[in-house]
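Derivation of every value follows stated rules applied to the coordinates shown; laboratory data play no part. The structure displayed is predicted, hence computed values, not measured ones. Backbone-built Cβ (ideal geometry, glycine too); neighbour counts: all protein chains shown.
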Amino acid sequence: MDRVTEFERGMPPQHQAWDGQRWQHDPAVIDDQALVINVRGRGLVIVTGCGHAGVVNIIRHAMRLTGVRSLLAVIGGFHLSGPAFEPVIEPTVAALTRARAPG
């Protein structure tokens with residue numbers, strides 16, 4: 001999954017690689033799987049596995065792949081608990097609110 005949001009920085013260092021200067025996403029860690037269903041006329045339903053890339057990154061990736069721009073529902077593992085992820089909750093909720101299906 002592409003990491004395109006500023007607030008979803010991935011998992012803590014144990015899931016990252018040291019590049020000699022900083023910790024960053026380790027492409028060798030296959031860390032995201034999701035099921036994407038297009039409910040015609042309503043939007044995408046996304047079931048995440050492990051949301052290491054961040055649920056908003058997963059949604060945006062699914063929208064890019066499908067060309068569908070509305071979200072009907074998203075459920076699954078979001079990795080939004082604990083002190084390391086508390087700063088991510090508010091921008092995630094804001095982004096999810098913007099991504100929801102119209103009406």
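Computed quantities for the displayed model
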quantity: Helix axis angle, 86-99 relative to the chain longest principal axis, alpha carbon, degrees; calculated: 30 degrees
quantity: Within the chain: Cβ-based charge dipole about Cα centre, in debye rounded to nearest 20 (Lys, Arg +1; Asp, Glu -1); calculated: 580 debye
quantity: Listed peptides 91-98, 55-62, 42-49 by packing density, highest first (mean Cβ within 10 Å); calculated: 55-62, 42-49, 91-98
quantity: Per-selection metrics, the chain (Cα): Rg and Dmax in Å; calculated: 14.1, 49
